[in-house]
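Novice: First the structure, then my questions, so here it is.
A short reminder: the numbers here are calculations on the coordinates, not readings from a lab. Model, not experiment: these values are computed from the prediction. For neighbour counting, all protein chains shown are included, and Cβ atoms are generated from backbone atoms with ideal geometry for every residue, glycine included.
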Amino acid sequence: MRKKRWDEILAVSARLFREKGYRATTMEDISNELKVTKPALYYYIDNKQDILYAICEAAIKQLVEGVEEIVSADMEVEEKFKELIFHHIKSFSKDGDITTVYLADESELPPDKRETIRSMSRRYEKLYREIISQAIKEGKFRKLDVPMTVRAISGMCNWLAAWYKPDGEKSAEEIAEIFFDLILKGCKKD
């Protein structure tokens, strides 16, 4: 499968799922938007659930790969924490349709595929927890409820996909700086 065409299918599908809703979007809507016949679309994909799975997988895979790289990097824990927040925000600001669909419609996947995506999400959360736990252990952060802290940070960053505009008042980088400052002040040991 040609990567460029596949990326186009995912981008168009994600935009339509976001605009119309996953359930309301048909394969015909997608093929019309791509200006291809339905049989041509079915050459690339078997059904709408497969497109949704590919969208969700792309979103969580990007997050997991980035955090794995950050965790393994040779840098201070506070710098890792900052990189983690910046990575999360950049990912969600860059691919708004894909990340919004992942967050909103992942539950529409069949149980086996939903579990695969949730397993990847748990991996992401585990790595996030490791960085925060390391910061606590090193005395950089105060004692925190690590799972709750990760959920709070993720929620704050995830919500960006709903309101961020690339041409808005603040760039993704500026928003990441603001978020990092707020979060760090809440976590840091006095």
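Novice: Starting from 0.36 nm per residue, how many nanometres of slack lie between residue 116 and residue 189 once their C-alpha separation is accounted for? Before the final figure, lay out the partial values.
Specialist: On the way: separation 73, 0.36 × 73 = 26.28 nm, distance 3.66 nm.
Additional length available on full extension: 22.6 nm.
Novice: So for the pair residue 137, residue 151, with labels modelled 7 Å out along Cα→Cβ, what separation do we get in nm?
Specialist: Distance between the two pseudo-spin positions: 2.4 nm.
Novice: Go ahead and estimate [θ] at 222 nm for the chain from helices alone: -39,500 (n - 2.57) per DSSP H run with n ≥ 4, summed, over the residue count, rounded to 500.
Specialist: Working: 10 runs with 146 residues, N = 190.
Value at 222 nm, helices only, nearest 500: -25000 deg cm²/dmol.
Novice: Just to verify a number: FRET efficiency for residue 65 and residue 170, C-beta to C-beta distance, R0 = 41 Å, to 0.05? Provide the component values of the computation, followed by the final result.
Specialist: Details: r = 26 Å, r/R0 = 0.63.
In this case the efficiency is close to 0.95.
Novice: Summarise the long-distance tail of P(r) for region 140-190 by giving the % of C-alpha pairs beyond 13 Å.
Specialist: Roughly 63 percent, once rounded to a whole number.
Novice: Taking springs between alpha-carbon atoms closer than 10 angstrom, which of 107, 72, 154 fluctuates most in the Gaussian network model of the chain?
Specialist: Residue with maximal mean-square fluctuation among 107, 72, 154: 72.
Novice: Now for a separate question. List the relative contact order of region 49-187 as a percent without decimals, with contacts defined as Cα pairs under 8 Å and 6+ residues apart. It would help to have the intermediate numbers written out before the result.
Specialist: On the way: 122 pairs, mean separation 49.9, N = 139.
So the answer I get is 36 percent.
Novice: Which of rounded, prolate or oblate describes the chain when judged by the alpha-carbon gyration tensor and an a/c cut-off of 1.5? Walk me through the numbers on the way to the answer.
Specialist: Working: a/c = 2.57, a/b = 2.05, b/c = 1.25.
Note, shape of the chain comes out prolate.
Novice: Please work out how much length the chain gains when fully extended from residue 182 to residue 130, using 0.36 nm per residue of separation minus the C-alpha to C-alpha distance, in nm with one decimal. Intermediate results must be reported in sequence, preceding the final value.
Specialist: Numbers: separation 52, 0.36 × 52 = 18.72 nm, distance 2.00 nm.
Length gained, residue 182 through residue 130: 16.7 nm.
Novice: Taking the alpha-carbon distance from residue 126 and a cut-off under 12 Å, which aspartates and glutamates remain once sequence neighbours fewer than 8 residues away in the same chain are dropped?
Specialist: Cross-link targets: 68.
Novice: Hey, can you grab everything whose amide H is under 5 Å from the amide H of residue 141? Only 5+ residues off in sequence or another chain; H modelled, so Pro and N-termini drop out.
Specialist: So residue 141 has HN proximity to 136, 189.
Novice: Please identify, among 129, 114, 23, the residue showing maximal mean-square fluctuation in a Gaussian network model of the chain using a 10 angstrom Cα cutoff.
Specialist: Answer for the Gaussian network model of the chain: 23.
Novice: Further question on the same structure: What is region 82-190 by shape, rounded, prolate or oblate, if you read a ≥ b ≥ c off the alpha carbon gyration tensor as root eigenvalues and call it rounded for a/c under 1.5, prolate for a/b larger than b/c, and oblate otherwise?
Specialist: Numbers: a/c = 2.72, a/b = 1.21, b/c = 2.25.
Oblate, since a/c reaches 1.5 and b/c is not below a/b.
Novice: Here is a follow-up. If I model a spin label at residue 162 and residue 28 as a point 7 Å from the Cα along the Cα→Cβ vector, what separation in nanometres do I get?
Specialist: Placing both labels 7 Å along Cα→Cβ, they lie 3.3 nm apart.
Novice: How many nm is it between the label spots at residue 107 and residue 94, if each spot is 7 Å from the Cα in line with the beta carbon?
Specialist: Result: 2.9 nm between the two label points.
Novice: Would region 24-76 count as rounded, prolate or oblate if I go by the C-alpha gyration tensor, calling it rounded below 1.5 in a/c and otherwise prolate when a/b exceeds b/c, oblate otherwise? Present the calculation step by step, with values, prior to reporting the outcome.
Specialist: Values: a/c = 3.99, a/b = 3.78, b/c = 1.06.
It is prolate, given that a/c is not under 1.5 and a/b is the larger ratio.
Novice: Report the residue, chosen from 110, 39, 147, that carries the largest GNM mean-square fluctuation when the chain is represented by alpha-carbon nodes joined by springs under 10 Å.
Specialist: Of the options given, 39 has the highest mean-square fluctuation.
Novice: Let me ask another. Structure shown: which of 90/170; 61/188; 35/113; 90/137; 82/185 lie over 22 Å apart, alpha-carbon to alpha-carbon? Before the final figure, lay out the partial values.
Specialist: Numbers: 90/170 13 Å; 61/188 29 Å; 35/113 29 Å; 90/137 28 Å; 82/185 12 Å.
From the list (90/170; 61/188; 35/113; 90/137; 82/185), the Cα-Cα distance tops 22 Å for 61/188; 35/113; 90/137.
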